[in-house]
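The values are calculated or read from the model by the stated rules, or taken from the named source; none is laboratory data. Treat the numbers as computed from the prediction; the structure is a model and nothing was measured. Positions of Cβ are generated from backbone atoms using ideal geometry, with glycine treated the same way; all protein chains shown enter the neighbour counts.
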Amino acid sequence: MLKKTILFFLLLLSTTSFSQIGGKYVYQFLNLAQSPRQAALGGKTVTVVDFDVNQAFYNPATINEEMHNRLSANYGSYYGEVSYGTAAYAYTYDRHLQTFHAGISYINYGTFEGRDELGNLTSDFTGSEAALSLGYAYNIPWTDMYIGANAKLISSTLESYNSWGAAVDLGFLYIDEPNDINYGFTVRNIGVQITPYEDTREKLPLSIDAGISQLMENVPIRWHLTFENLQQWNIAFSNPNRAEGSLDGGSKEEKVSFFNNALRHVIVGAELFPDKGFNIRLGYNFRRSEELRILEQRHFSGISAGFGLRFGKVKFDYSYSRYTVAANTSLFGLTIDLE
């Protein structure tokens with residue numbers, strides 16, 4: 001069953017063909033890692049089903065009664081003065097079906113020097129964006145399949161320009177309890193820019209992701225395999241620094257192979273002691289590794305790691321993600337059981 005599922009996802013990757021991603025959409029902050037656990041596992045994990053209220057940001061179908069009355073807050077320093085964070089809460093109205101989720105994510109871009117067209121200093125300005133979400137999941141009767149949705153209201157302020165948007169996330173989850181395997185599928189950021197910054201409405205960063213995870217039988221490890229950006233096949237770009245010289249003195253553009261492009265859709269992760277009070281997490285993001293790879297130098301881009309530690313009703317999480325030699329990020333999170 002597992003081999004057939006992996007083959008299906010790989011075939012799904014080849015059904016569309018577009019150019020590389022990045023720089024074409026508005027509200028890109030929606031694709032940042034929403035919690036230390038997500039970041040440590042490589043990002044975009046869609047199959048975690050437990051008390052982690054942050055998981056609903058990536059797959060609303062994972063909203064469940066174990067999240068009841070848990071509050072989570074996460075914070076991270078990105079590059080330079082950029083900082084971002086999230087908060088989430090879940091409440092079960094009815095122990096059988098009625099679990100609701102609320103979340104907020106924001107990013108602050110810091111302070112910038114304002115200058116006119118001649119380069120003269122004017123006044124400083126800032127930029128920030130935020131999204132408020134409400135989610136709900138439903139167990140399809142007499143099955144182990146779940147569907148869920150998030151509705152999001154998005155706000156963005158960049159200098160004197162303001163924008164509002166709305167989006168929906170749709171999620172699917174299948175739990176194979178006898179084999180401890182979870183299958184997930186999400187379509188995120190289906191929406192529209194209601195109020196553009198000026199006159200032109202821009203597209204939202206649509207993302208289609210799928211994943212598989214399994215708790216191993218004799219080892220306390222849950223492995224995760226995620227296929228990201230299924231909405232487009234070609235997400236690679238030719239790096240000019242890797243161009244090859246030609247006989248006529250020019251340069252030959254780097255050619256990205258089929259296999260290399262396919263790997264850029266893959267994220268792998270593992271969690272040691274996933275059900276205990278102390279967890280260790282590792283992840284590897286192939287796309288990040290290739291895009292930020294430095295020639296002729298060990299870089300370790302794409303690697304992420306972290307841990308979780310529970311003290312009574314409080315859970316502390318930390319993650320470290322490697323981007324480049326000069327830029328790495330750390331995320332910190334607290335989850336409190338209010339019961």
Inset, instruction - For the stretch 127-142, indicate whether the set of residues that are over 24 Å from the mean Cα position of the chain (by Cα) and among the small types (Gly, Ala, Ser) is non-empty. - result: no
Inset, instruction - Answer yes or no as to whether Lys276 is out of contact with any helix residue (DSSP H, G or I) (no Cβ under 9 Å at 6 or more places or on another chain), within 22 Å of Leu334 (Cβ to Cβ), modelled with pLDDT of 95 or more and outside any helix (DSSP H, G or I). - result: no
Legend entry - Close pairs (8 angstrom Cβ cut-off, 6 or more residues apart or separate chains): surrounded by fewer than 18 Cβ atoms within 10 Å (Cβ to Cβ) in the stretch 297-323, β-branched (Val, Ile, Thr) and not in a strand (DSSP E or B) anywhere: Gln297/Val325; His299/Thr324; His299/Val325
Legend entry - Criterion violated by Tyr197 - all others in (1) part of a loop (DSSP other than H, G, I, E, B); (2) hydroxyl-bearing (Ser, Thr, Tyr); (3) under 24 Å from Val268 (Cβ atoms) satisfied: (3)
Legend entry - Residues within the stretch 99-113 that are surrounded by 13 or more Cβ atoms within 10 Å (Cβ to Cβ) and at pLDDT below 85, tallied: 1
Inset, instruction - May I ask you to list the residues in the stretch 118-176 that are loosely packed, with under 14 Cβ neighbours inside 10 Å and of a type in the set (Ser, Thr, Tyr)? - result: Thr122, Ser123, Thr126, Thr143, Ser160, Tyr161
Legend entry - For Ala102: the one exception among (1) under 20 Å from Arg281 (Cβ atoms); (2) out of contact with any helix residue (DSSP H, G or I) (no Cβ under 7 Å at 6 or more places or on another chain): (1)
Legend entry - Qualifying positions in the stretch 136-186 - polar (S, T, N, Q) and either in contact with an Asp or Glu (Cβ under 8 Å, 6 or more places away or on another chain) or over 30 Å from Val26 (Cβ atoms) (or both): Asn139, Thr143, Asn150, Ser155, Ser156, Thr157, Asn179, Asn182, Thr186
Inset, instruction - Scan Tyr79, Tyr91 and give me the residue that is part of a loop (DSSP other than H, G, I, E, B), in contact (Cβ under 8 Å) with a residue 12 or more places away in the chain and surrounded by fewer than 18 Cβ atoms within 10 Å (Cβ to Cβ). - result: Tyr79
Inset, instruction - May I ask you to verify whether Ser123 is over 23 Å from the mean Cα position of the chain (by Cα) and free of Cβ contacts under 8 Å to residues at least 24 places away in the same chain? - result: yes
Inset, instruction - Would you be able to tell me the number of residues in the stretch 108-166 that are of a type outside the set (Gly, Ala, Ser) and in a strand (DSSP E or B)? - result: 26
